[in-house]
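The values are calculated or read from the model by the stated rules, or taken from the named source; none is laboratory data. Computed from a predicted model, the values in this text were never measured in an experiment. For neighbour counting, all protein chains shown are included, and Cβ atoms are generated from backbone atoms with ideal geometry for every residue, glycine included. Heads up: the accessible areas ignore ligands, DNA and RNA and are worked out on the full protein's heavy atoms, side chains in. Shrake-Rupley method; radii C 1.70, N 1.55, O 1.52, S 1.80 Å.
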Amino acid sequence: MLITNARLITWGATNQILENHALYIEGDRITDLGPSSELRSKYPQAAELDAWGQYVAPGNICAHTHFYGAFARGMAAPGDPPKDFPEILERLWWRLDKALTLDDVRYSALVCLIDAIKHGTTTLIDHHASLNAIEGSLDVIARSVEESGLRACLCYEVTDRNGPERTRAGIEENLRFIKSTTIHKQWPQSTITATFGLHASLTLSDATLEACRDAHDAQNYGFHIHAAEHEADQYDSLKKGGSRVIDRLHKFGVLGPRSIVAHAVHIDPREAELLRETGTWVTHQPRSNMNNAVGAADVEGLLRMGVKVGLGADGFSNAMWDEWKAAYLYHKAARRDPRRMSGATVAEMAVTNNAALAGVFFPQAPMGALAPGAFADIIFVDYHPTTPMTVDNLPWHILFGFENSMVTTTICAGKVLMKDRRLLFLDEAEITARSRELAKKMWARVVV
Ligand SMILES: [Zn+2]
């Protein structure tokens, strides 16, 4: 396939904006890049996809999300409004995740995947919980991901909240699914992969962390966990064994260059050092942090000391430019300083670091760049800048000009999933209608 008449935003090591260029795609890779006229004569037989002068960029990457949270949209949490994050967990999320069936899991994932395709997110790192439908839940999500054509890294969040049987079932689900992606190669390896999920230090005993460490090859597959999202996680960890959360996770072998720690809002300087020393990934979710009123992580400080920080959505819409905007505004408001969190820093997290993080799980080809050899994960953006746009001010055009609805075409692994805003594989009307029915039933099951 030959994409022509494109304004390429290449990102990658040397970001360039290239007018009237073309990309040649073979299988799931970009194999050539050059001026439209040149590539047209080089590949005269190729099926042409005309970009009509739109911006063509690598697909967005979401470093941390929860497909299972989709049915929370519009749901009233029972009881008084939660006053803090622990109450939000108890009254909303820990009731919702117990009410999910495998059918709910499937449709929650599908509606999130449609949202991702429509808004230009081609790779997602998901963290799943469904306490009364654990076994096989990752297969159900993987099947939805396969149907959608997107790329995802999946895990099940192990927790002690509902007794030892469910803890064991969570561990088993991770191990089973990891095997199905690696040893049994049940899923296409370049689009579906796995890591090992843990909920958060505050719902995991020493014995469970030990069991996870012993059962799991962290060196090769890593862990994906929430850490220090709220002070409660630190208080709990100090109470359990006298150590802070990141120290505790380090002690149990959770940290490392293949592991993801989501949030890290309430960590001290030594914990930040531990994250850097171990090469652990941190993900930042500003919309979620604002919504849960947990505080603002010192993201700029972490980046400055060499901690790798990516940008996630945490179950909010998988429209990553909304997360860009939230990151850009949140830190200015939180510190009352308009110099904080520049557009370039947001791009460093969302583009450079997210691509490197996704590359940990999908090492077969470079990600997040338009270059020969890279995965053909590509979006078309119908944006018409009203001021000069250069590689230097591109992040600010994205922050102040780009809208998620400007994405008209989404390609993942060389396959066109949406063309001119029409989904080619998923039946959006059927999926949303079924999702509404299932969500209504699930809401009724959420125990007051
Ligand atoms: Zn999360």
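For Lys308, nonlocal amide neighbours, meaning residues 5 or more places apart or on other chains whose placed amide H falls under 5 Å from its own, are Val282.
Between helix 269-278 and the chain there is an angle of about 60 degrees, using the helix long axis and the longest principal axis of the Cα atoms. Taking Cα centre as origin and charging only the Cβ of basic (Lys, Arg, +1) and acidic (Asp, Glu, -1) residues, the dipole magnitude of segment 1-97 rounds to 80 debye. From most to least packed by mean Cβ count within 10 Å, the peptides 306-314, 426-434 give 306-314, 426-434.
Taken per residue, the accessible surface of the chain reaches 39 Å², heavy atoms only and a 1.4 Å probe. In the chain, a dipole from Cβ-located charges (positive for Lys and Arg, negative for Asp and Glu) runs towards its positive end, and of Thr14, Gly295, Thr390 it is Gly295 whose Cα lies farthest in that direction.
The calculated FRET efficiency for Asp427 paired with Glu277, based on their beta-carbon distance and R0 = 41 Å, is about 0.25. The equivalent ellipsoid of segment 1-148 has semi-axes of 43, 17, 12 Å, largest first, where each one is the square root of 5 times an eigenvalue of the Cα gyration tensor.
Considering only protein heavy atoms and a probe of 1.4 Å, how much of the accessible area of the chain is carbon and sulfur, as a whole percent? Each step should come with its number before you reach the end.
Values: 9080 of 17540 Å².
That share works out to 52 percent.
Per residue, the convex hull spanned by the alpha carbons of segment 68-135 comes to 109 Å³.
For the listed peptides 406-418, 78-90, a ranking on the average number of other beta carbons within 10 Å per residue, highest first, reads 406-418, 78-90. Who wins for biggest fluctuation among Trp187, Trp324, Trp281 in a Gaussian network model of the chain, springs between alpha carbons below 10 Å? Largest GNM mean-square fluctuation: Trp187. Look at where the Cα atoms of segment 29-99 and of segment 298-354 average out, and the two centres are 17 Å apart. Kirkwood analysis of the chain, using all unique Cα-Cα pairs, places the hydrodynamic radius at 22.2 Å.
Given the convex hull over the Cα atoms of segment 299-448, what projected area results after averaging over all orientations, in nm²? Can you show the working numbers first?
Values: hull surface 52.5 nm².
The orientation-averaged projected area of the Cα hull of segment 299-448 comes to 13.1 nm².
Dividing the helix sum by the residues of the chain, where each DSSP H run of 4 or more adds -39500 (n - 2.57), gives a mean residue ellipticity at 222 nm of -11000 deg cm²/dmol.
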